[in-house]
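Here's the structure, in structure tokens; my notes come after.
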Amino acid sequence: MSAAPLTVLVLGGYGNFGARICRALAGDPGIHLLVAGRSAAQAQALAATLGPGTRGVALDHSAPGLVQALQALGVGLVIHTAGPFQAQGYTVAEAAADAGAHYIDLADGRRFVCDFPAALQARFTAAGRTAVCGASTVPALSSAVVDHLCAGWQHIASIDICIAPAQRAPRGQATLAAVLSYCGGPIAVWEDGRWQDRLGWAEPTRVQFQRLRPRLAAVCDIPDLELLPAHYRVTQRVSFRAALEVGLAQRAFAALAALRAWGLLRRPERLAGLMHRTGGVFDFLGTPLGGMVVRVAGADGAGVARRRAWHIAADHDHGPEIPCMAAILLARQLARGQALPIGAHTCTSLLPLAAFGPEFAKWGMVTDVVEEEGPAP
């Protein structure tokens with residue numbers, strides 16, 4: 001007798017990332033899918049397009065009774081996509097554990113992700129369930145790339161990551177609010193072998209890509225800045241930058257960063273709604289092409305200095321599919337009965353780069369590994 005399908009509830013299921021995850025999981029014979037959010041109408045409307053194995057349900061994760069609601073629905077896995085996570089606690093994860101369900105989120109908030117294992121380890125270990133935080137581009141894909149590029153190396157001196165979204169790609173207001181929350185604020189980065197503060201989105205610098213034109217990129221606050229120096233024992237530098245396609249838009253963020261640094265704009269995230277509504281004003285200057293680069297430097301197994309880079313190019317506005325891939329892959333593993341480590345974890349080195357290959361191919365994304373010249377830093 002075959003096992004019963006895993007009931008997977010996607011919280012924020014009709015949002016920018018949640019809907020993509022729902023579309024990917026719909027029709028999987030091992031999954032009974034629940035599209036969940038505050039609006040029953042929107043949840044049911046999306047579910048109606050995804051086939052008979054999918055149902056839309058109204059669920060407010062901030063309301064009392066979340067544990068009971070999850071139990072009543074028979075949920076075996078909660079995928080939490082309802083950000084921004086910077087302003088959230090661990091209520092949803094705690095409810096999942098108490099309801100006897102696994103948990104995965106797409107969190108990109110630095111404290112939310114980095115503090116997650118210590119805060120939830122005991123709860124999920126006692127429940128015998130798995131919780132994975134940060135199942136998104138960072139640190140799930142970024143660490144998979146570093147593992148691939150640096151396999152067998154003696155040490156890693158530097159890791160430099162840059163994400164370059166397409167100007168025309170759909171933008172979620174919650175994502176924009178998360179980005180603005182650290183615009184102009186101090187960000188602790190591992191640089192020159194010590195912790196230093198840099199201002200978010202300030203002082204953009206030019207970054208080269210394999211299949212994209214060079215772009216201006218600025219420092220952003222993500223979990224990798226804290227997770228990767230310790231995980232890989234990086235000696236010199238870990239950096240993360242975001243590169244908007246339209247230089248004028250990048251400089252607009254730099255201007256907001258300056259206003260905050262001068263004390264003239266205390267909470268830039270309050271502009272998220274306005275910027276979300278007006279963000280398309282630059283779209284005519286952009287393209288549907290986005291991508292990402294991860295550059296590493298260090299010493300290989302023979303002690304030879306190496307510099308390598310991994311690039312991905314995503315055309316046709318498919319870039320927003322990338323942050324969803326880790327959660328999709330992990331959900332499929334659980335649905336097939338493939339064990340994941342019990343307890344609470346970040347998604348650092350939890351998936352190999354090869355696991356992402358079929359997803360990249362599905363969306364026509366192209367990757368390159370480039371051996372770069374020059375000494376390690």
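Rounded to the nearest 20, the Cβ-based charge dipole of segment 43-118 about its Cα centre (Lys and Arg +1, Asp and Glu -1) stands at 140 debye. Here the Gaussian network model covers the chain, with springs between Cα atoms less than 10 Å apart; of ARG308, ARG213, ARG129, ARG213 fluctuates the most.
Residues GLU226, GLU321, ordered by accessible area of protein heavy atoms at a 1.4 angstrom probe radius and largest first, appear as GLU226, GLU321. For the set TRP153, TRP201, solvent exposure ranked by accessible area (probe 1.4 Å, protein chains only) runs largest to smallest as TRP153, TRP201.
Sum -39500 (n - 2.57) across every DSSP H segment of at least 4 residues in the chain, then divide by the residue count to get the 222 nm mean residue ellipticity, nearest 500.
Numbers: 13 runs with 121 residues, N = 377.
Dividing the helical sum by the residues of the chain leaves -9000 deg cm²/dmol.
Treating each Cα of the chain as one equal point scatterer and applying the Debye formula with no solvent, the log10 of I(q)/I(0) at q = 0.08, 0.10 Å⁻¹ comes out as -0.40, -0.63.
Can you find, among PRO341, VAL138, ALA87, the residue farthest towards the positive end of the dipole of the chain? Put +1 on the C-beta of Lys and Arg, -1 on that of Asp and Glu. The Cα lying farthest towards the positive end belongs to ALA87. Close amide H contacts of ILE187 (hydrogens built in the peptide plane, cut-off under 5 Å, sequence separation of 5 or more or a different chain): ARG198, LEU199, GLY200. With contacts taken as Cα pairs under 8 Å at a separation of at least 6 residues, the chain carries a relative contact order of 21 percent. Of ARG215, ARG270, ARG295, ARG23, the residue with the largest accessible area leads and the full order is ARG270, ARG23, ARG295, ARG215 (1.4 Å probe).
Suppose all protein chains stay in the model; what accessible area per residue would a 1.4 Å probe give for segment 36-84, in Å²? Working shown, then result.
Details: 2250 Å² over 49 residues.
Value returned for segment 36-84: 46 Å² of accessible area per residue.
Between ALA47, ALA261, GLY357, the Cα set farthest toward the positive side of the dipole of the chain (charges on each charged residue's Cβ, about the Cα centre) is that of ALA261.
For segment 128-257, the per residue solvent-accessible surface stands at 38 Å², with DNA, RNA and ligands left out and a 1.4 Å probe. The amide H of HIS155, built 1.01 Å from its N in the peptide plane, has ALA299 as neighbours under 5 Å, considering only residues 5 or more places off or on other chains.
Coupling constants for segment 28-34 follow from the phi torsions by the Karplus curve (6.51 cos²θ - 1.76 cosθ + 1.60, θ = phi - 60°), and in residue order they are 5, x, x, 10, 9, 9, 10 Hz; glycine and proline get x. 3J(HN,Hα) couplings calculated from phi for segment 90-101 with the Karplus curve 6.51 cos²θ - 1.76 cosθ + 1.60 (θ = phi - 60°) are, in sequence order, 9, 4, 5, 4, 4, 5, 4, 4, 5, 8, x, 10 Hz; Gly and Pro show x.
Rounded, prolate or oblate: which fits segment 56-186 when a ≥ b ≥ c are the square roots of the eigenvalues of the alpha-carbon gyration tensor, with rounded for a/c under 1.5 and prolate only if a/b beats b/c?
Numbers: a/c = 2.13, a/b = 1.41, b/c = 1.51.
It is oblate, given that a/c is not under 1.5 and a/b is not larger than b/c.
Assuming charge only on the beta carbon of Lys and Arg (+1) and of Asp and Glu (-1), the dipole of the chain about its Cα centre is about 500 debye to the nearest 20.
For the chain, carbon and sulfur atoms together expose 55% of the accessible surface, with a 1.4 angstrom probe and every protein chain in place.
The values are calculated or read from the model by the stated rules, or taken from the named source; none is laboratory data. Model, not experiment: these values are computed from the prediction. When we count neighbours, we look across all protein chains shown, and the Cβ atoms used for this are built from the backbone with ideal geometry, even at glycine. For the accessible areas, the whole protein counts, side chains as well, though only heavy atoms, and no ligand, DNA or RNA atoms are used. Shrake-Rupley method; radii C 1.70, N 1.55, O 1.52, S 1.80 Å.
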